[in-house]
Amino acid sequence: MVEKIRTVKDVSCPFCGTLCDDLEIDVDIKTDLVVEVRNGCQIGTKKYFSSNPSDHRYMKPLIKVNGEHKEVSWDEALDKAADILVNAQRPLLYGFSSTECEAQSKGVELAEMLNALLDNTASVCHGPSLLAIQDVGASLATLGEIKNRADTIIFWGSNPVHAHPRHLSRYSDFIRGYFRTDGRNDRNIIVVDPRNTHTAQIADKYIKVNPSEDYELIQAIRAVLRGSELDVKEVSGVPIEDIKELVEELKSCNFGVVFFGMGLTQSLAHHRNVDTAIRLVAELNDYTKFILIPMRGHYNVAGANQVFTWNTGYAYSIDFSRGYPRYNPGEFSSVDLLLRDEVDASLIVASDPGSNFPAASVKNLFKHPLIVIEPHKTPTSVFADVILPAAIAGIECEGTAYRMDGVPLRLRKVKDAPGETLSDKEILEKLIEKVKEKMGE
């Protein structure tokens, strides 16, 4: 009997920072289509099915002519893209968080050649976490350590039920660990959030904090931890008695962890929220073992920060305009650059700023020449002057990605890429060669 299905096991899911590495993918041998995904969450599963050819998938390079996208050869599309980048006075290369590390490294190389601005999606999510860790360090651990040892878990400003669907079942809540053999019954889950999220609804304790008052609450917890008496009835909407009770829970646990999300990094005080959270964790280590981990969103945004740092010394918001890398979040961050209209051409790689940047910055992004390396139609790609169709990393090509705890995992190829699509790395390599030709190198 002829086999009709090929099964690829131990696949790492290229969706979120949890980077689940236990998926099994069934591919139809004859059609090379994904027909079944096992062990994945609903969102990760849909990403695998989205790799199949469809109306929203780009199959060939496109150039905008008279307001309409026209199919062209790779050579013509790359030539047009290289012209745009070489002729720009202040080009921006942005994205890189949903692609493999090898492509990210090529992006750094291209940015340096062009004396360009280089940024990744950390500047609109966990950039403040990186700033805080640079300021005061951090007590970190792997997700494996959490799975096996943690008995008290805090989700502060994050909602993994929606954003990281398998995080709870693989690492932090329901999972049975080496020293936590009874799973959920061995763990105390605490959620701190202004909203009563689905994660809060399954927690043992929900602390409702006022919006953008996380800093005050963390400082109050630190004060109580040091034995200070606070002469107020509540802080940030949380009664003092509840804060004291929380402090006793944290001091008496065996192994605690704070998972924090954009509720800390993108609310008022930004990196100072994370700064004081890190200091709280350090002070809790006088009583017990405590660590913290940022809940990274894109599956390889941690990899983008790693790769950018290897190559330049800086994790994001980098400017090469003087011939060497300079780092200044705010001045060289994508949103701020676009708001000030300081960018005259953009290359967007594996990202969609058109759907999540402020309207004013998106308007300035679209009024200048725009190149995208993208597998699907997005609000950004429909306005692009050049579209370079990419294979999806972790599905149609191999590579390396970093999990949210800094552990590198190998992405596997499960099927061939459709049409004329190439991997992000191959596209950037070809674009680098074209740019060298234009610059006479």
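Only the coordinates and a few stated rules stand behind these numbers; no lab work does. What you are looking at is a predicted structure, and each value in this text was computed from that prediction instead of being measured. Glycine also receives a Cβ, built like all others from the backbone with ideal geometry; neighbour counts cover every protein chain displayed.
Here are a few things to note about the model shown:
- The DSSP beta bridges internal to the stretch 127-294 are antiparallel in roughly 10% of cases.
- Counting Lys and Arg as +1 and Asp and Glu as -1 over every other residue whose Cβ lies under 11 Å from the Cβ of Lys377, the net charge comes to -2.
- Counting neighbouring beta carbons within 10 Å and listing from fewest to most, the residues Trp310, Trp74 come out as Trp310, Trp74.
- Trypsin sites (Lys or Arg not before Pro) within the stretch 20-90, DSSP loop, no more than 13 other Cβ atoms inside 10 Å: Lys30
- Look at His298, His56, His271, His164 and count the other Cβ atoms within 10 Å of each Cβ; fewest to most, that gives His56, His271, His298, His164.
- Legend: ranking of residues Val307, Val161 from fewest to most surrounding C-beta atoms inside 10 Å; resulting order Val161, Val307.
- Radius 14 Å from Cβ of Asp424, net charge of other residues (Lys, Arg +1; Asp, Glu -1): -4
- Total formal charge among the other residues, if their Cβ is under 11 angstrom from that of Val238, Lys/Arg +1 and Asp/Glu -1: -4
- Backbone geometry of the stretch 203-217 corresponds, through the Karplus equation with coefficients 6.51, -1.76 and 1.60 at θ = phi - 60°, to 3J(HN,Hα) couplings of 7, 6, 9, 10, 10, 8, 9, 5, x, 6, 10, 5, 4, 4, 5 Hz, x marking Gly and Pro.
- Applying the criteria of a DSSP loop state and at most 16 other Cβ atoms within 10 Å to the GluC sites (Glu not before Pro) of the stretch 291-396 yields Glu331, Glu342.
- All Cα pairs of the stretch 127-294, percent lying beyond 28 Å: 14 percent
- Potential lengthening between Met113 and Lys9 on full extension [0.36 nm per residue; Cα-Cα distance subtracted]: 33.5 nm
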